[in-house]
């Protein structure tokens, strides 16, 4: 069951199925708050366009205009996001400090050993992934160990 988007401003729509009804730029899932966050971080509209290449400058300026007309709504979105992030961080800390699967991850020597091994491997490769190392040295991925005899050329 498709519902139509409710246009609330030029280039700005609200739709319950998209970003929980938050003000979004039309035909995208990019919220006005996303654009405003970049602007508050010191980005220019042209830099926002680079971050979101699907947007036109008209859509970006419409988001800015919507924010100036409805600052309380967008600031409330920022507050909700901050509260959700704080809750996530709190639950993550509780999980790491609680017994998870019968062991305390943060203090389990096996877990610490696994993490230390991963850190050493990462440092030994200079911070490169295995795929990046293969590309850098033009190495082919490992294939099966079974070798076949070379094919004879047909004459």
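When you look at residue 7, is it in contact with a strand residue (DSSP E or B) (Cβ under 6 Å, 6 or more places away or on another chain) and outside any helix (DSSP H, G or I), yes or no? Against the criterion (in contact with a strand residue (DSSP E or B) (Cβ under 6 Å, 6 or more places away or on another chain) and outside any helix (DSSP H, G or I)), residue 7 qualifies. Are any residues in the range 23-38 under 19 Å from the mean Cα position of the chain (by Cα) and either on the phi > 0 side of the Ramachandran plot or not in a strand (DSSP E or B) (or both), and if so, which ones? Those that are under 19 Å from the mean Cα position of the chain (by Cα) and either on the phi > 0 side of the Ramachandran plot or not in a strand (DSSP E or B) (or both): 28, 29, 30, 32, 33, 34, 35, 36, 37, 38. It is to be established whether one or more residues within the range 78-88 are surrounded by 11 or more Cβ atoms within 10 Å (Cβ to Cβ) and either in contact with a strand residue (DSSP E or B) (Cβ under 8 Å, 6 or more places away or on another chain) or outside the structural domain of residue 19 (by TED's automatic domain parsing) (or both). No: zero hits. Determine whether residue 55 is crowded, with 16+ Cβ neighbours inside 10 Å, in a loop (DSSP other than H, G, I, E, B) and under 19 Å from the mean Cα position of the chain (by Cα). It is true that residue 55 is crowded, with 16+ Cβ neighbours inside 10 Å, in a loop (DSSP other than H, G, I, E, B) and under 19 Å from the mean Cα position of the chain (by Cα). Once the range 39-49 is narrowed to residues that are outside any loop (DSSP other than H, G, I, E, B) and without any contact (Cβ under 8 Å) to a residue 24 or more places away in the chain, the residue that is surrounded by the most Cβ atoms within 10 Å (Cβ to Cβ) is 48.
The values are calculated or read from the model by the stated rules, or taken from the named source; none is laboratory data. Computed from a predicted structure; not experimentally measured. Every residue, glycine as well, gets a Cβ built from its backbone with ideal geometry; the counts of neighbours run over all protein chains shown.
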